[in-house]
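I have placed the structure first, in the form of structure tokens, so that the comments after it can refer back to it.
Each value in this text was obtained by applying a stated rule to the coordinates, not by laboratory testing. Nothing here was measured: the structure is a model prediction, and the numbers come from that model. FYI the Cβ positions are ideal-geometry reconstructions off the backbone, even for glycines, and counts take in every protein chain you see.
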Amino acid sequence: MRAVKILHCADLHLGAAVKSLGIRSAKRRTDYLKTLEKIIEVCRDQSVQLLLIAGDLFDSPWVAKELLEDVKNLFLLIPETYIAITPGNHDPYTIDSCYAKEDFWPKNVILFSGEMSDHPIPSLGVRLWGAGMTDSYSLKSLFHREQSIREAKTEKEEIQIGIIHGDLLSAGGRSEYNPIYKEDIRDCGLSYLALGHIHKRSEPVWEGSCCYAYSGSAEGLGFDETGEKGVYLGLVTADSCRLKFLPVCQRRFLKYRIDVSQAESTKQAAAVTRRSLLELQGEEAGKNLYEILLTGDTIYDWSFDPAAFLAEFDDFFFIRVREQRRILYDLEQMAKETSLRGIFARRMLESKSGIPPEQFESAVQIGLRALNGRVDYSEDYET
Ligand SMILES: [Mn+2]
């Protein structure tokens with residue numbers, strides 16, 4: 001049976017500025033382009049016939065000239081590969097968008113815009129179906145023409161492949177970003193539907209005879225997009241999909257809780273953290289982006305110095321840290337002290353019976369921190 005080799009990616013958000021990364025933001029922006037470079041490399045090395053880019057290729061429809069040239073030059077490196085692009089809610093196909101530039105895109109690029117349309121690729125025995133966003137919002141579903149897809153499937157011996165950017169929902173669900181209903185894609189005639197918009201990858205699954213997946217963002221955009229990111233690569237036939245996830249990201253966003261009960265200073269806490277990260281991520285640990293929460297129980301409440309902690313990670317690409325240790329205490333013993341701490345302990349013991357235990361514990365922790373000269377602006381950390 002005829003098969004086509006595809007690579008499905010989405011949500012590259014080229015040109016995005018992630019402000020929370022501070023001075024690393026600019027460097028991070030070059031990572032996104034490197035990810036596309038890597039995707040192009042995979043297409044070339046593995047003879048991918050069809051590259052599907054399911055929306056939000058760019059972070060905005062107005063793209064810096066240099067970036068646009070870089071992307072075009074990358075596409076020119078794989079003239080044998082058809083490149084299908086559907087604009088997303090971040091890079092909609094508007095008249096002044098980069099997609100509307102006349103005679104700009106190489107011949108191997110197929111652009112979808114607006115309502116669902118089809119594009120036959122006879123040399124591959126494939127018919128592509130796609131819709132492209134023309135605005136940042138679309139309350140109405142751009143996915144339709146199921147009848148035509150089914151007809152094409154039965155009448156012509158082609159593999160029907162779809163590409164779209166939107167929110168996959170069950171009947172009745174609402175979204176401002178092109179709602180696509182599972183009921184519509186069930187047995188719609190497509191062998192594979194490449195989805196974009198949701199940055200978290202979903203496994204390829206079947207809705208009737210239609211297989212679909214979100215490839216997720218190919219490079220994480222923040223700490224809400226942790227772990228390995230990549231693309232789907234594999235073979236599609238008229239009635240089968242064999243796709244494998246392939247990581248292509250340059251760096252990963254990672255979140256860890258590190259127990260620093262044994263540490264007796266900020267420097268020691270940094271050393272414990274470094275050891276853990278090297279254990280968890282190996283030699284290349286320093287290239288990733290970390291959000292660290294320091295936890296543990298401590299008797300000696302040494303004061304944590306975030307700046308001193310971060311200074312120990314100069315060789316790491318990006319790291320941010322919060323500290324939330326629990327202070328171990330003996331209020332009865334403390335109450336005997338002739339000190340501010342003693343007064344605090346006595347007052348707390350006096351009021352203990354009237355306060356729910358959890359609230360009491362939290363009040364003691366905040367009080368002891370305050371007495372040690374370190375109350376943070378916000379104590380409502382997630383636990
Ligand atoms: Mn996106």
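Between the listed residues Leu293, Thr273, Phe317, the Cα displaced farthest toward the positive end of the dipole of region 253-371, a dipole computed from Cβ unit charges relative to the Cα centre, is found at Leu293. Contact order, relative form, for region 10-130: 24 percent (alpha carbon pairs under 8 Å, 6 or more residues apart, mean separation divided by residue count).
Within a Cβ distance under 15 Å of Phe313, other residues only, what is the Lys/Arg minus Asp/Glu net charge? Its environment carries a net charge of +1. Partner lysines whose Cα lies under 18 Å from the Cα of Lys19, excluding those fewer than 8 positions away in the same chain, are identified as Lys27. Sorted on the mean count of surrounding Cβ atoms within 10 Å across their residues, most packed first, peptides 102-113, 256-267 read 256-267, 102-113.
The simple Förster model, with R0 at 56 Å and r as the Cβ-Cβ distance, assigns Asp297 and Gln46 a FRET efficiency of 0.65.
Given a Förster distance of 22 angstrom, what is the FRET efficiency for Lys34 paired with Phe316, based on the Cβ-Cβ distance and rounded to 0.05? With R0 = 22 Å, the Cβ-Cβ based efficiency is 0.75.
Stokes-Einstein diffusion of region 253-371 at 10 °C, 1.306 mPa s viscosity, Kirkwood radius from Cα pairs, rounded to a whole number: 99 µm²/s. Can you tell me the relative contact order of region 253-371? Whole percent, Cα pairs under 8 Å, sequence separation 6 or more. Once divided by the residue count of region 253-371, the mean separation gives 24 percent.
With 28 Å as the limit, the listed pairs Lys107/Lys156; Lys267/Lys287; Lys101/Lys287 have Lys101/Lys287 beyond it between alpha carbons. Note on Thr154 and Glu350: their simple-model spin labels are 8.6 nm apart, each label 7 Å out from Cα toward Cβ. Check the chain for me: any Cys whose beta-carbon has no other cysteine beta-carbon within less than 4.7 Å? Result for the chain is Cys9, Cys43, Cys98, Cys188, Cys210, Cys249, no neighbouring Cys Cβ within the cutoff. For the chain, the longest principal axis of the Cα atoms and the long axis of helix 25-45 meet at an angle of about 40 degrees.
Computed from Cα atoms, the angle from the helix 340-351 axis to the main principal axis of the chain rounds to 80 degrees. Computed on region 3-247, with alpha-carbon pairs under 8 angstrom and 6+ residues apart, the relative contact order is 20 percent. With a Förster radius of 41 Å applied to the C-beta separation of Glu279 and Ser123, the computed FRET efficiency comes to 0.20. Using only alpha carbons, region 3-247 has a radius of gyration to Kirkwood radius ratio (Rg to Rh) of 0.94. When each of the peptides 333-340, 44-51, 148-155 is scored by the mean number of other C-beta atoms lying within 10 Å of its residues, the order from highest to lowest reads 44-51, 148-155, 333-340.
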